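Chemist: Structure incoming, see below.
The values are calculated or read from the model by the stated rules, or taken from the named source; none is laboratory data. These numbers come from a predicted model, not from an experiment. Cβ atoms come from the backbone with ideal geometry, glycine included; neighbour counts cover every protein chain shown. Areas reflect the complete protein model, heavy atoms only, side chains present, ligands, DNA and RNA absent. Shrake-Rupley method; radii C 1.70, N 1.55, O 1.52, S 1.80 Å.
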Amino acid sequence: MMRGLGFACSWFSQPSRPNSFQFRVSGRLSVGEAQTLASSLARQPVVFELNVFGEEPLLIVGHPGLGVRQISLDQAGEPVIRHSRLEQLILESNGNVQELRRSLRVEQGLPWLDLLEQYRKSEMRVKGMLRAV
């Protein structure tokens, strides 16, 4: 059904959570359309990750417990923190190094990525087992 709209869809079992699945969609969306999709997904009790490849790559991640986070990426896929935002985080930390570290982790989306890692690892482990057999 979505293929006619220019999307390719795949279902995969999710080994890290019994009786659950991953749904992967590939397609062409503008940044605004990807943000709209992320907003729609955030209203559901799902964990999601959207990779937006464009002039300025983005990673949009969502988790029911943390909400949605949009992360600007450089061409190597690393999170980008703008100078003005970094200055703001330093001022907000008020000299507290632990608070600055926490704020930098949030700014980079690390709490979301830490939670998503369990899904990525299980996928790699299954692929590795298939090759080993």
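Chemist: Restricting attention to the range 50-63, and to residues there that are open to solvent by 70 Å² or more (accessible area, probe 1.4 Å) and either assigned to a strand (DSSP E or B) or among the hydrophobic types (A, V, I, L, M, F, W, C) (or both), which single residue is farthest from E117 (Cα to Cα)?
Modeler: If we take residues in the range 50-63 being open to solvent by 70 Å² or more (accessible area, probe 1.4 Å) and either assigned to a strand (DSSP E or B) or among the hydrophobic types (A, V, I, L, M, F, W, C) (or both), then F53 is farthest from E117 (Cα to Cα).
Chemist: Right, next: Can you name the number of the only condition in (1) touching a Phe, Trp or Tyr at 6+ places or on another chain (Cβ under 7 Å); (2) of a type outside the set (V, I, T); (3) outside any strand (DSSP E or B) that G77 fails?
Modeler: With respect to (1) touching a Phe, Trp or Tyr at 6+ places or on another chain (Cβ under 7 Å); (2) of a type outside the set (V, I, T); (3) outside any strand (DSSP E or B), G77 is out only on (1).
Chemist: Return yes or no: is Q35 under 25 Å from Q22 (Cβ atoms), more than 11 Å from the chain's Cα centre (by Cα) and crowded, with 16+ Cβ neighbours inside 10 Å?
Modeler: yes
Chemist: Can you name every residue in the range 74-100 that is more than 20 Å from the chain's Cα centre (by Cα) and open to solvent by 100 Å² or more (accessible area, probe 1.4 Å)?
Modeler: H83, L91, E92, N94, Q98
Chemist: Considering only the range 26-36, I want to know if a residue exists there that is at pLDDT below 90 and within 16 Å of W112 (Cα to Cα).
Modeler: Scanning the range 26-36, I find no residue that is at pLDDT below 90 and within 16 Å of W112 (Cα to Cα), so the answer is no.
Chemist: Look at G62 and say whether it is of a type outside the set (D, E, K, R), touching a residue at least 12 places away in the same chain (Cβ under 8 Å) and on the phi > 0 side of the Ramachandran plot.
Modeler: So G62 fails the test.
Chemist: Could I ask something else about it? Determine whether L66 is surrounded by 11 or more Cβ atoms within 10 Å (Cβ to Cβ) and farther than 22 Å from Y119 by Cα.
Modeler: No.
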